[in-house]
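Inspection log for the structure reproduced underneath, given as structure tokens.
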Amino acid sequence: MSSAYVHHQHYHDRAHARDPASRRRKLLLAFVLTVLVMVVEVVGGVWSGSLALLADAGHMLVDALALLLAVVGATMAARPADARRSYGYGRMEVLVGFVNALSQFVLVGWIIYEAVGRLLHPGPILSGVMLVVALAGLLVNVLVLRTLHGHAHDDVNMAGARLHVLGDLLGSLAAVLAALAIRWFGWLWADPALSLLVSLLILGNAWALLRRSAHILLEGVPEGVDTAAVEQSLRSADPGICSIHHLHVWQLASGSRMATLHAELNASADNARVLQAIRQILRERYQIEHVTVQIDAGACPDATRRCAGHGCG
């Protein structure tokens, strides 16, 4: 005869890793600064005739929208769970990161199209104006990037925002180098050539973010977690555990790892002690804070899984 009951335990995320108010402030400041630099670069790009500045301004237009989406994502993620969304809105930030990555592909396509045209038909460029505007943009982008520093390593919303700002910084750096090359050597081709180089760098980062956010959306196992190793660790957590099965580990959003599992126990097991041991291992070794455990006091009642050969009575 078998019996089963479900135990559910939720731990609050560490405050220093997930402070919604702090993240919103950082993102909002980054948005304001990005818009200001974008306006300056549009004016400077039209005035000087520089594709690098216009490309960076176009990049910043997309980034300003992306940062605004990131603010919305961080705000939504802080909303509490309700009757319709029992896990809350934390996954909104992952969706925003996914959209931000996709938008980068569109931007790169536009930059490449314009750069090829400029390489084939170069035009005059005012290198002095270009240099001043590019240097100003570079300094502001460094400030914005520092503002967004320190997010949780698996926060794809902040990662998406940082990706956009990093692209802006690279674009400004390319514009500075292109302005110097034009001013010192008269190399008009440097402007579209460096724009192409930056677009390729952006493309690589965008692909990495796209894969990462898609993995979370597909309920993939968090990076650095081996489910076989987790299962083995839990089997040895307490002498009363006969087997661990139906183990699932995934990530709801940044810093929010979750797990569900069945634990089959022998007749002499102390259920409370076993649950405490399981929670402690998952929390300390794998940073899994939200755990649902079903205790099987005997054979697993799930018809799809029979636990045999583990010494269970």
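Just so it is clear, none of the values below were taken in a lab; they were calculated from the coordinates. In this text the structure is predicted, and so the values were computed from the model without any measurement. FYI the Cβ positions are ideal-geometry reconstructions off the backbone, even for glycines, and counts take in every protein chain you see.
To make sure I understand, if each residue's beta carbon is the centre and we count other beta carbons within 10 Å, what order do Tyr87, Tyr286, Tyr113 fall in, fewest to most? Could you put the intermediate results ahead of the total?
Numbers: Tyr87 12, Tyr286 20, Tyr113 9.
Final ranking by Cβ density, sparse to dense: Tyr113, Tyr87, Tyr286.
Relative contact order of the stretch 20-217: what whole-number percent is it, with Cα pairs under 8 angstrom and at least 6 residues apart? Could the numbers behind the result be given before it?
Numbers: 304 pairs, mean separation 60.1, N = 198.
Value for the stretch 20-217: 30 percent.
For a quick check: sort Ser103, Ser268, Ser50 by the number of other beta carbons within 10 angstrom, fewest at the front. Mind showing how you got there, number by number?
Working: Ser103 18, Ser268 8, Ser50 31.
Going from least to most buried by this count: Ser268, Ser103, Ser50.
Taking 0.36 nm per intervening residue step and subtracting the Cα-Cα distance, what contour gain separates Val72 from Trp207 on full extension?
Values: separation 135, 0.36 × 135 = 48.60 nm, distance 2.28 nm.
Working it through step by step, the gained length comes to 46.3 nm.
How many percent of DSSP beta bridges within the stretch 221-296 run antiparallel, rounded to 5?
Details: 9 of 17 bridges.
About 55 percent, rounded to the nearest 5.
Among Val132, Val106, Val293, which comes first, then next, by fewest other beta-carbon atoms within 10 Å? Working shown, then result.
Numbers: Val132 16, Val106 10, Val293 22.
Ascending Cβ contact count within 10 Å gives the list Val106, Val132, Val293.
Quick one: net charge of Cys242's neighbours, Cβ under 12 Å, K/R +1, D/E -1?
Values: positive: Arg235; negative: Asp238, Glu264, Asp296.
Every neighbour counted, the sum reads -2.
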